[in-house]
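A quick write-up on the structure given underneath.
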Amino acid sequence: MADSQTSRIPRHVAIIMDGNGRWAKKRLLPRSAGHNAGMNRMIGLSERAKQLGIHYLTVYALSTENLARPKDELDGLYSLIKKYFLKNVDKLIKGGAALRVIGDLSLLPEDVRTVIEDGVARSPEEAEFTFVIALAYGSRREIVGACGAAAAKGLAITEETLSANLYTGGIPDPDLIIRTGGELRLSNFLLWQAAYAELYFSDVLFPDFSDECLDDAVAEFSRRTRRFGKV
Ligand code: IPE
Ligand code: IPE
Ligand code: MG
């Protein structure tokens, strides 16, 4: 599919990775087992996205609202993030990818933040494939911050200056936003950037969202007509 329909491959795909907790519950496992399975799937999907010729894959891993979850769930997520970064960032970079993190890292514990910042520091700034992970991310917070950053630089607030001062500055808007886990909402994810994204909702719980599920979403995208307001 990647070869025959290259022009219809979305340049930027973003995924709201939802349903880890329910996946675990169905198996009578702790929620942490769902997060662990989800993290493994996230790595698998980044490989698949690269193979498909997608240039940017953004994954929503932790929202600002998720920071209000019970401490034991957050601690489990943080240790998973640390493990993931230590184990996989270098592999990703060796494979020719760039890594970006979007979110307010100051909301994370210092040890988690350090691991993330070290990983990003080792990444090239640009590559054919960029993996963007949204951590402690909230879109409203991002927009307010971008207005403040643009104003502090003495810039007038325009669509261009605002876009450039978002965490995603320099990254093209997502063409396709996928949400797994059956909920039909954006949950404070890329609200500005999603202006003209195609939306795709899947009932599949994230740890079960296979490479084929991603292929199906991309195939569906390729059949959509994007009018951008025109006739
Ligand atoms: C998404 O899975 C991952 C995070 C929000 C960290 P959930 O943890 O929201 O899983 P469900 O929605 O409870 O199944
Ligand atoms: C959205 O999932 C956030 C992430 C996937 C990181 P949630 O499970 O937090 O969303 P809501 O609470 O159901 O909207
Ligand atoms: Mg959820």
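The values are calculated or read from the model by the stated rules, or taken from the named source; none is laboratory data. Remember, it's a predicted structure, so these values are computed and weren't measured experimentally. Glycine also receives a Cβ, built like all others from the backbone with ideal geometry; neighbour counts cover every protein chain displayed. Calculation scope for accessible area: heavy atoms of the full protein, side chains included, ligands and nucleic acids excluded. Shrake-Rupley method; radii C 1.70, N 1.55, O 1.52, S 1.80 Å.
Below is a table of values for the structure above.
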read-out: Between the range 13-44 and the range 46-111, the alpha-carbon center distance in angstrom; value: 14
read-out: Over the range 34-97 - Rg/Rh using Cα atoms and the Kirkwood inverse-distance radius; value: 1.01
read-out: Solvent-accessible area per residue for the range 89-231 (1.4 angstrom probe, square angstrom); value: 50
read-out: Net charge, TYR196 excluded, C-beta distance under 12 Å - Lys, Arg +1, Asp, Glu -1; value: +1
read-out: The range 75-231, dipole about Cα centre (Lys/Arg Cβ +1, Asp/Glu Cβ -1), debye to the nearest 20; value: 300
read-out: Positive-end residue of PHE129, ALA217, ILE171, charge dipole of the chain with Cβ unit charges; value: ALA217
read-out: Rounded percent of accessible protein surface that carbon and sulfur make up, the chain, 1.4 Å probe; value: 52
read-out: Label-point gap, in nm, between ARG11 and GLU65 - each point 7 angstrom along Cα→Cβ; value: 3.0
read-out: Between the range 145-159 and the range 175-219, the alpha-carbon center distance in angstrom; value: 30
read-out: Per-pair calculated FRET efficiency, R0 = 25 Å: LEU184 and ARG140 via Cβ, rounded to 0.05; value: 0.80
read-out: Stretch gain in nm, segment TYR78-GLU128, where the contour uses 0.36 nm per residue and the Cα spacing is subtracted; value: 15.1 nm
read-out: LEU86 versus ASP104: modelled label distance in nm, points set 7 Å from Cα along the beta carbon direction; value: 2.9
read-out: Sequence ranges 199-212, 127-140, 78-91, ranked by mean other-Cβ count within 10 angstrom, highest first; value: 127-140, 199-212, 78-91
read-out: Computed [θ] at 222 nm, helices only, for the chain once each DSSP H run of length n ≥ 4 contributes -39500 (n - 2.57); value: -14000 deg cm²/dmol
read-out: In Å², nearest 10: area of HIS35 left accessible to a 1.4 Å probe; value: 20
read-out: Rg(Cα)/(2.2 N^0.38 Å) for the range 68-180, N = residue count; value: 1.17
read-out: Distance between modelled label sites at VAL204 and ARG227, nm, 7 Å Cα→Cβ extension; value: 3.0
read-out: Two-decimal Rg/Rh across the chain, once Rg and the Kirkwood Rh are taken from alpha-carbon atoms; value: 0.95
read-out: Value in Å of the Kirkwood radius, where the range 134-196 supplies the Cα pairs that are averaged; value: 12.6
